[in-house]
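Quick note: the coordinates plus some simple rules give every number you see, no bench work behind them. Predicted, not measured: the structure shown is a model, and the values here were computed from it. Neighbour counts run over all protein chains shown; Cβ positions are idealised from the backbone, glycine included.
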Amino acid sequence: MKLALRQGAGVPGDLGATVAEAAQAIDAAARGGADLLVFPEGFLTGYHVPGLAPGGLAGVEEALAQVGAAARAAGLAVVMGTHLDRPEGLRNAAVVFGPDGAELGRYHKRALFGDWEKATFLAGAAPCRVRLGRWRVGVLICYDVEFPELVRAEARAGVDLVVAPTALMAPHDRVARQVIPVRALENQIFLGYCNRAGAEPGLSYVGLSTIAGPRGETLAQAGPGEESGLIMADLDRARIARERAEASYLDDLAGLRGL
């Protein structure tokens with residue numbers, strides 16, 4: 001699989017312009033040979049939207065349908081970060097489209113970060129795992145990845161790759177630089193962590209979108225802060241098998257006593 005991450009910010013408050021930007025990124029990733037493209041947390045709607053309340057996300061479902069159409073036209077799977085206005089309340093979500101444009105699943109962020117998220121969104125309660133060809137892909141969002149238990153649950157469920165739309169802000173760049181490689185290494189999987197760029201009210205994003213491999217190696221990393229763009233890496237499932245052949249953390253953990 002060739003994985004692509006689109007570091008950027010969309011055009012907060014302008015769904016049409018954001019969908020057009022997303023479609024351009026989808027086309028560019030497809031022309032670059034990507035099989036899966038991940039966008040940041042809240043890319044479609046903006047992440048930090050002070051005062052966001054139920055009824056404040058008109059047009060999002062129509063915009064998601066347009067993203068699915070762009071995925072179908074490019075023959076590319078897409079994970080889109082967006083806020084959703086659901087009957088039960090607002091959700092911080094990632095929507096997964098297959099290369100035929102069909103929606104494969106919606107993940108609702110489980111680990112809400114900070115006072116604003118906790119006051120605005122309902123926390124999710126379930127994982128989202130999809131199959132793309134021979135690849136098993138799990139979806140998390142931002143703060144979720146900082147809990148080793150959530151990534152370990154994905155590995156135990158047999159995923160090869162975890163993708164995580166994120167809105168990592170200053171001064172927390174240590175998450176991209178240190179935590180993401182460790183999460184990949186300790187589970188011997190691939191991890192794609194796709195961050196926003198630029199700023200929103202009261203927040204500056206650190207960039208540093210990262211694709212990490214099962215040895216904890218950085219396969220690709222975007223620039224910091226304001227830099228927008230596309231990064232890609234070729235992923236080989238055989239690398240997971242090679243890492244686990246000598247010592248499998250998952251297998252050996254299952255045999256430990258006293259846990």
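Considering only alpha-carbon pairs that sit under 8 angstrom and 6 or more positions apart, the relative contact order computed for the chain is 19 percent. When you filter the GluC sites (Glu not before Pro) in region 49-122 for DSSP loop state and at most 12 other Cβ atoms inside 10 Å of their Cβ, you are left with 88. Projecting label points 7 angstrom from Cα along Cα→Cβ for residue 86 and residue 234 puts them 3.9 nm apart. Once you reduce region 82-116 and region 197-259 to the center of their Cα atoms, the two points are 21 Å from each other. When the P(r) of region 97-187 is calculated, the portion above 16 Å amounts to 57% of the C-alpha pairs. In this label model, residue 131 and residue 254 are separated by 2.0 nm, measuring between points 7 Å along each Cα→Cβ vector. When you filter the trypsin sites (Lys or Arg not before Pro) in region 133-214 for DSSP loop state and at most 10 other Cβ atoms inside 10 Å of their Cβ, you are left with 134. Diffusion coefficient (Stokes-Einstein, Kirkwood radius over C-alpha pairs, 25 °C, 0.890 mPa s) for region 2-254: 138 µm²/s, rounded to a whole number. Ordering 126, 71, 138 by Cα displacement along the dipole of region 62-186 toward the positive end leaves 138 in first place; charges were set at the Cβ atoms of Lys, Arg (+1) and Asp, Glu (-1). When shorter helices are ignored and each DSSP H run of at least 4 residues is given -39500 (n - 2.57), the per-residue value for the chain at 222 nm works out to -8000 deg cm²/dmol. May I ask you to list the residues of region 171-186 whose amide nitrogen lies under 20 Å from a point 7 Å from Cα along the Cα→beta-carbon direction of residue 118? Of the residues in region 171-186, 171-172 have backbone N under 20 Å from the label point off residue 118. In a reduced charge model with +1 at each Lys and Arg Cβ and -1 at each Asp and Glu Cβ, the chain shows a dipole moment near 680 debye about its Cα centre.
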